Amino acid sequence: MKFFRMAKQMVREIQDITGLNCIKGESGKVVVDDKGIKDSWKEYMEKLMNEEISAGVKEGPADSIRMAKVRAVLKKMKRHKAPGLSGLVAEMIHATGDIGTQWILDLCNGIVKEGSIPGDWKSGVVVPIYKGKGDPMECGSYRGIKLLEHATKVVERIFEHRIRQQIEIDDMQFGFMKGKGTIDAIFMARQM
């Protein structure tokens, strides 16, 4: 019996916190009703994800995207990932062969031509994941994971590759850089 109690306790300790019955709202007051909890999360995530970023615009016509690039990106897509609102996953696009690849190619070139993304890509599902530290009733103790459409991921990777080819990035840039992380940035700052 003692063994089973210890096993159950270990499972409880490593289990994610889900289905919270209460959360602290923006004002610090505890919210217990379902609508209030959803509103608190919505308010917190909107504030977190809607920070404005300014960037320079490069002038000139954009080159059309080629089939080989779409194929290369689709081949690198990770399998068995959670889908966005549509339920479409990378395996489905890949399984359609040339039809799915052509559809993504047409979508990418349409975005380049129009200069905007499809409207339904602006919505998504944000899932809060407890970081494992801090007050579980505080929204800041959670990391928001947005479930993106897999077609969006393909398009983003194609455009990200294009952008990285056209810009110069300072050696001191550590965020969103392959092989660099915040620990590297702290180490570099201490060296100066």
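The numbers here are math on the coordinates, done by the rules we state, and not lab data. Since this is a predicted model, take the numbers as computed values, not measurements. With ideal geometry, Cβ positions are generated from the backbone for all residues, glycine too; neighbour counts draw on all protein chains shown.
Just to check I understand the Karplus step: with θ = phi - 60° and J = 6.51 cos²θ - 1.76 cosθ + 1.60, what whole-Hz values come out for region 130-146, glycine and proline as x?
5, 6, x, 8, x, 6, x, 8, 8, 4, x, 8, 10, 9, x, 10, 8
Local charge sum around residue 149 (other residues, Cβ-Cβ under 12 Å, Lys/Arg +1, Asp/Glu -1)?
+2
If you take the alpha carbon radius of gyration of region 63-153 and divide it by 2.2 N^0.38 Å, what ratio comes out, to two decimals?
Taking N as the residue count of region 63-153, the ratio is 1.34.
What net charge is computed for the residues neighbouring residue 24, neighbours being all others with C-beta under 9 Å from the C-beta of residue 24, Lys and Arg scored +1, Asp and Glu -1?
-2
Long-range amide H contacts for residue 23: which residues qualify at under 5 Å (H placed 1.01 Å from N, peptide plane, sequence gap of 5 or more or a different chain)?
Excluding prolines and chain starts, which carry no amide H, the hits are 31.
Which entries of 35/153; 76/122; 24/131 have Cα-Cα distances beyond 26 Å here?
35/153
Determine, for 39, 170, the number of other Cβ atoms within 10 Å of each Cβ, and report the residues in order from fewest to most.
Neighbour counts put them in this order, fewest first: 170, 39.
For labels at residue 163 and residue 130 in the simple 7 Å Cα→Cβ model, what's the distance in nm?
3.4 nm
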